[in-house]
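Scroll down for the structure; my scribbles are underneath it.
The values are calculated or read from the model by the stated rules, or taken from the named source; none is laboratory data. Nothing here was measured: the structure is a model prediction, and the numbers come from that model. A quick note on method: Cβ atoms are made from the backbone with ideal geometry, for glycine too, and the neighbour counts reach across all protein chains shown. Surface areas here come from the heavy atoms of the whole protein model, side chains and all, with no ligands, DNA or RNA. Shrake-Rupley method; radii C 1.70, N 1.55, O 1.52, S 1.80 Å.
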Amino acid sequence: MTVHHAPPVPDVFDPRQYATGVPYAAYRILRDHHPVARQDEPEVLGWPAGPGFWAVTRHADVVRVLKDSATYSSYIGATQIRDPEPDDLPFIRRMMLNQDPPGHGRLRRLVSRAFTPGRIDRFAKVAQDRARLLLARALQEARAADGTVDLVTAVTDDYALLNLADLLGVPEADRRLLLHWTQRVIGYQDPDESGPAVRDAAGRPVNPRSPAMLRDMFGYAQQLAAHKRRFPDDDVMTTLAHDAELAGPELEMFFFLLTVAGNDTVRSAAPGGLLALAEHPKAYEQLRDGRVELASAVDELLRWHPPVLTFRRTATQDTELAGRRIGAGDKVVVFHASANRDERVFTDPDRLDLARSPNPHVSFGDGPHVCLGAHFARLQLRVLYREALRVLPVLRTAGPPRRLVSNFINGLKSLPVQVT
């Protein structure tokens, strides 16, 4: 009789490994042999060790966790793998992302009034003009150099940032602040993005989501809201600033959430999609020739390169998931990128199929916390890819991309391409 031993549980926590690529082979081992697996949290990059967590990697289990907020809470320990400082937790819990129903639903309804499809659709022409301008400048830059250009620094960073600034109503002179705050919060594990870590009196790194690190952003949010009350316009901050139900701290938290999540979703997804197309020239040709619909291509590119890698929940009670006993208070972390490659749901998941249907990817989450700006993100991606197809008949990489050091955001810091 042959005895088959399950392979050991691979580490998918260490953020440094993501700088060389998403560990899809490790995810496959977890899905096949350890679908809910215990992960250690050692000290990494100066950040203190944690108690460990359960890694959830199969699609069905990820969806179950995301939909069951009564069992898997966003509020108890917030939504990042690392535990926040106890003194910071009440503050962090104010954010809609870190709340459970019914409080989460109330805040979501409030901000949904500003995030209307009609308002977003009006940005389609603005986004198209911006994509066209940025891509034209990128071509000029390439021709003036050696025929190569970095699409992240030349196109996608500014594209995401300026579109968000238009939607929020941030004045042109202040728009670089949005990128600065995003890099500080999202890229905190990567010294290239965040710079040297700010440390407290005991020498410990200060969480970028702590009140001390967000004071400048919140002060700006209040100034912008006051300006919008005096000079209203057709933008999200005007709507929020005039909402009597929004208290000052909630308004600040909305500005934080929209600035960081709203910017980085597209900032991460856009170059990831372009990289996928550059690495699959036949798929790019199909899309360019109109043999594949752009809408389905956008969703497949999101499945292939989800902007968010992980989200954390905390078990509210003793429970069981995929045969594993989970204790009340345990951290439970869902892995979106693994769920998107689950063979139990997706046929031939390691093949880029721009016409894939159905495509139940979880790149925008699921359940009550499904991404509020998904419609806006898809719109921006459709517009950008359409213009890239027009301007860049051939899309080829000119070297390996540089990836973000992060187990949270699937980011690209550079994407050099050859312009022909």
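Structure notes:
- Stretched out straight at 0.36 nm per residue, the stretch from Leu294 to Gln17 would grow longer than its current Cα-Cα span by 96.5 nm.
- Loop-resident sites, the stretch 322-420, for trypsin sites (Lys or Arg not before Pro), counting at most 12 other Cβ within 10 Å (DSSP): Arg344, Arg351
- Cα-only radius of gyration and Dmax that characterise the chain, units Å: 21.2, 80
- Entry note, the chain: relative contact order of 26 percent, from Cα contacts under 8 Å with a spacing of 6+ residues.
- Element breakdown for the stretch 29-73 at a 1.4 angstrom probe: carbon and sulfur atoms account for 52% of the accessible area.
- Accessible area expressed per residue, the stretch 327-420, with surrounding protein chains retained (probe 1.4 Å, Å²): 35 Å²
- For the options Val298, Val391, Val236, a Gaussian network treatment of the chain with springs between C-alpha atoms closer than 10 Å singles out Val391 as fluctuating the most.
- Each Cα pair under 8 Å and six or more residues apart adds its sequence gap; the mean of these over the residue count of the stretch 4-111 is a relative contact order of 16 percent.
- For the chain, built as a Gaussian network whose Cα springs stay under 10 Å, the top-fluctuating residue of Ala173, Ala154, Ala221: Ala173
- The Kirkwood hydrodynamic radius of the stretch 277-420, based on inverse pair distances between different Cα atoms, is 17.2 Å.
- P(r) tail, the stretch 37-78: Cα-Cα pairs separated by more than 17 Å, 49% of all pairs.
- Counting Lys and Arg as +1 and Asp and Glu as -1 over every other residue whose Cβ lies under 12 Å from the Cβ of Val370, the net charge comes to +1.
- Once each of the GluC sites (Glu not before Pro) sitting in a DSSP loop with at most 15 other beta-carbon atoms within 10 Å is removed, the chain keeps 44-244 as its longest stretch.
- Summed over the residues of the stretch 1-156 and divided among them, the accessible surface reaches 48 Å² per residue at a probe radius of 1.4 Å.
- Distant-in-sequence amide contacts of Leu309, defined by a placed amide H-H separation under 5 Å and a gap of 5 or more residues or a different chain, comprise Ile409, Asn410.
- Per-residue extension of 0.36 nm, minus the Cα-Cα distance of Ala212 and Glu285, leaves a gain of 21.3 nm for this segment.
- 17 Å cut-off, amide nitrogen to a point 7 angstrom out along Asp146 Cα→Cβ, residues in the stretch 393-411: 396-402
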